[in-house]
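**Student:** Below is one structure. I have some questions about it.
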Amino acid sequence: MRTFFTFIYSLFFSCLIQAQEVITLTDDSEILYLSSGIDIAIDPTGLLTIDDITASDVVFKNTPFPFNGGYTRDTHWFRFTVQKSAPKSDSKNTKNISSFLLAAGPTYIDKLTLYSPSTKNESSYTVQVAGDTIAANQHPLGLIYGPYTFSITLTDNEPQTLYLKMQGNDDSTLQLILSSRDQLAKINNLDMLLSGFILGALTLISINAFIMWRWLKQPIYLPIIGYAIVIIIHKVMLSGIIARYLLPDSPNIMNLVDPLSISFHSLCSITFFIMYYDSKHSFPRLHYFFLSFLIFTIVTIFSIPLGYYLYFAPYLFLFALMLLPSLLFVSWKVAQTGSVGSQSVFIGTTIYVAILSIAILSALGAIPFYPMIMNAPAIASLVFLFSMQQGMHRQVNQFEAEKLVAEIAASKANKKANEEIQRRHEQSTFMTMVAHEIHTPLAVIDSAIQTIEMSSPTLSPFISERHNRIQNSVSRLSQLLENTLDAESHDSRPLQPKIESINTEPFILNCLQESLPKTRPYTLNISPDCTINADPNLFKHIISNLLVNAKKYSPNDSTIHISIHEQEKNAQIGTLFSIQNNHYSNVPIDPSRWLNKYFRQTETPNINGFGLGLYLVHKIIDAHQGDINIDIKPTPSVSNWLVTVNVWLPIDTTQVEGL
């Protein structure tokens, strides 16, 4: 007797365990989002058949819906029982037959197989197959009901147990909807309307970004264009239009859409942040984190065709989940600076991070999957791209305003420069005219003095000394006029040296004889076989001016040192001329302005000249592609300085002759 009760109890208890909630449809127009009454069994091998699953030894456990098992290769079997209740007004208990649709989502499932009891043979099942790995022309129903939709026939008050097999190498998210054909068509039409709005907005953003890129030539717009195009392609592919009409027999291509779109979405977004915020200089520590994510994303992209995406995808999502707070922090820090457009970017980034975090957590299985999450990444991307465009548009407006201000300032500066050029031209013309007018009477005076000396060879020493003073004054004044004319001439047109080979020693000795008095001590050191290639007239002007300056700005009894030797400069052989003299000054000497036009030293006010000598020397040296520098060193004597002027001219004059 005890054995009998034990058997009855065990049978009753097993029935309780196997009891399953029946999903009931009460109306032909009802829409039912399945959230309970669904059991699940996991097949790690993927080898179990429907006969194996229906056997009593396969354990099913109740699972909440929508379902999310994360990224896995396991095959999932879902079991649920549905029935259509008879209308209350039906007093005859007529067995009505109704047709319903079972819609599955999201639309990136590799393979779904629905097993429903056959109406002809109760022990067999009708099989319907859909999924990314199934050619679109083999899907059970048309595109108007969605790409993964199955037909179910229900008889009033007769429950049917259905089995749904989900296989894939991707995210194991699943949502199920039971509905009539008309209601499901309305749902899909509304979803396509929302998708159309998103696609239209993304298209406008991408076109605007392309126009801005073509206009401003800034590479920052390329990630925006790529980002928008990736989202557009993803949405179009998931709608089933391409699979149904363009690639009906190419399921393998469709199977790559989701992993490629996710990877390129990550690639474009992180590239934009790196370029937009200049993370290398503004956030150097975070920059290496951004680069690590960028490299990992590229590796993930290459793993897709090799079949290893399933292993990389969870880490890519975790990486992205850790990255999002960093992006939010960067945009917040930049917004704190008050830069133009940063506030819009920060608001868009905040919304983007919030929505995308929910979508990532759902993909990882950390939170339940809800239907609204389907369009969350696209909506987040749309908000993000719009805010980016707004921020960059404001920056462009500011740039254009600053450019306009700069153009106005440049126009004013150009006008002033032209006025200054005109003034200097008029000044140069006046100076040239005055110099010519003064030069003529000086020549007459000099000629008259020479005539008097020749006609009266026995002049008294007093008169002879007067004549010498007049001749020296005329000579100095003539030299000043020549320097003035040369300076004005060289300012108006460039020098064109006529290069010749100069016999160094005789040339230098002649310059010394003309520029220095016979009583002035000097030393001359010329290296053997020293070569000089220069314009003789211009080179004489250099040496004469430097010798005259050395004489004027040094004590009369001090020695002037001249040295000439070859020296290499910037891998080019040339000739170095050094003229050294003592200079008296109570204050430290600053030679940086000595080469300026009309510069005169204030500590020696009684020296004749207009401040044009070194200016002309500098001009001539530049015309020869040479170099000049002035070295100042103090001496043990108080207020005495050692001044060395170094002039370097190249021996190879091919470039000089081509000027």
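The values are calculated or read from the model by the stated rules, or taken from the named source; none is laboratory data. Please read these numbers as outputs of a predicted model, since none were measured by experiment. Because the Cβ atoms are built from the backbone with ideal geometry, glycine has one as well, and the counts that use them run over all protein chains shown. Heavy atoms of the whole protein, side chains included, go into the accessibility calculation; ligands, DNA and RNA do not. Shrake-Rupley method; radii C 1.70, N 1.55, O 1.52, S 1.80 Å.
**Student:** Being closer than 13 Å to residue 153 by Cα, open to solvent by 40 Å² or more (accessible area, probe 1.4 Å) and without any contact (Cβ under 8 Å) to a residue 24 or more places away in the chain is the filter here, so list the residues in the range 109-126 that pass it.
**Tutor:** Listed by number, the residues that qualify are 120, 126.
**Student:** Something else now. Got a number for residues in the range 519-555 being part of a strand (DSSP E or B) and among the polar types (S, T, N, Q)?
**Tutor:** The number of residues fulfilling the criteria is 3.
**Student:** Could you give me the residue pairs with C-beta distances under 7 Å whose first residue belongs to the range 397-421 and is closer than 30 Å to residue 212 by Cα, whose second residue is open to solvent by less than 90 Å² (accessible area, probe 1.4 Å) wherever it lies, and which are 6+ apart or on separate chains?
**Tutor:** 398/340
**Student:** Which of the residues spanning the range 277-311 are in contact (Cβ under 8 Å) with a residue 60 or more places away in the chain and exposed (fewer than 13 other Cβ atoms within 10 Å of the Cβ)?
**Tutor:** Result: 307, single match.
**Student:** All but one of (1) in contact with a His (Cβ under 7 Å, 6 or more places away or on another chain); (2) touching a residue at least 60 places away in the same chain (Cβ under 8 Å) hold for residue 314; which doesn't?
**Tutor:** Going through (1) in contact with a His (Cβ under 7 Å, 6 or more places away or on another chain); (2) touching a residue at least 60 places away in the same chain (Cβ under 8 Å) one by one, residue 314 breaks only (1).
**Student:** Restricting to the range 329-361, and then to whatever is closer than 22 Å to residue 285 by Cβ and among the aliphatic types (A, V, I, L, M), can you tell me which residue is surrounded by the most Cβ atoms within 10 Å (Cβ to Cβ)?
**Tutor:** It comes out as 345.
**Student:** Please specify each residue of the range 166-189 satisfying the condition of being open to solvent by 20 Å² or more (accessible area, probe 1.4 Å), in a helix (DSSP H, G or I) and under 30 Å from residue 71 (Cβ atoms).
**Tutor:** Once the filter is applied, which keeps residues that are open to solvent by 20 Å² or more (accessible area, probe 1.4 Å), in a helix (DSSP H, G or I) and under 30 Å from residue 71 (Cβ atoms), the range 166-189 yields 187, 188.
Here's the yes/no breakdown for (1) part of a strand (DSSP E or B); (2) among the basic types (Lys, Arg); (3) modelled with pLDDT under 85; (4) crowded, with 16+ Cβ neighbours inside 10 Å:
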position	(1), (2), (3), (4)
574	yes, no, no, yes
578	yes, no, no, yes
603	no, no, yes, no
615	no, no, yes, yes
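**Student:** Report, ordered by the first and then the second residue, all pairs with beta carbons closer than 8 Å, sequence separation of six or more or different chains, a first member in the range 503-531 that is farther than 19 Å from residue 549 by Cβ, and a second member that is of a type in the set (Asp, Glu).
**Tutor:** 526/505; 527/566; 530/566; 531/566
**Student:** How many of the residues in the range 633-645 are part of a strand (DSSP E or B) and open to solvent by less than 40 Å² (accessible area, probe 1.4 Å)?
**Tutor:** Result for the range 633-645: 4.
**Student:** Moving on to the next point. When the range 55-69 is examined, which residues are found to be touching a residue at least 60 places away in the same chain (Cβ under 8 Å) and surrounded by 15 or more Cβ atoms within 10 Å (Cβ to Cβ)?
**Tutor:** 65, 66, 67, 68, 69
**Student:** If you check every pair at least six apart or on different chains, which have Cβ atoms under 9 Å apart with a residue in the range 622-651 that is within 21 Å of residue 566 (Cβ to Cβ) and aromatic (Phe, Trp, Tyr) first and a residue that is in a strand (DSSP E or B) and open to solvent by less than 30 Å² (accessible area, probe 1.4 Å) second?
**Tutor:** 648/574; 648/575; 648/576; 648/577; 648/628
**Student:** Give the residue, chosen from 549, 533, that is surrounded by 18 or more Cβ atoms within 10 Å (Cβ to Cβ) and in contact with a helix residue (DSSP H, G or I) (Cβ under 7 Å, 6 or more places away or on another chain).
**Tutor:** Of the residues listed, the single one that is surrounded by 18 or more Cβ atoms within 10 Å (Cβ to Cβ) and in contact with a helix residue (DSSP H, G or I) (Cβ under 7 Å, 6 or more places away or on another chain) is 549.
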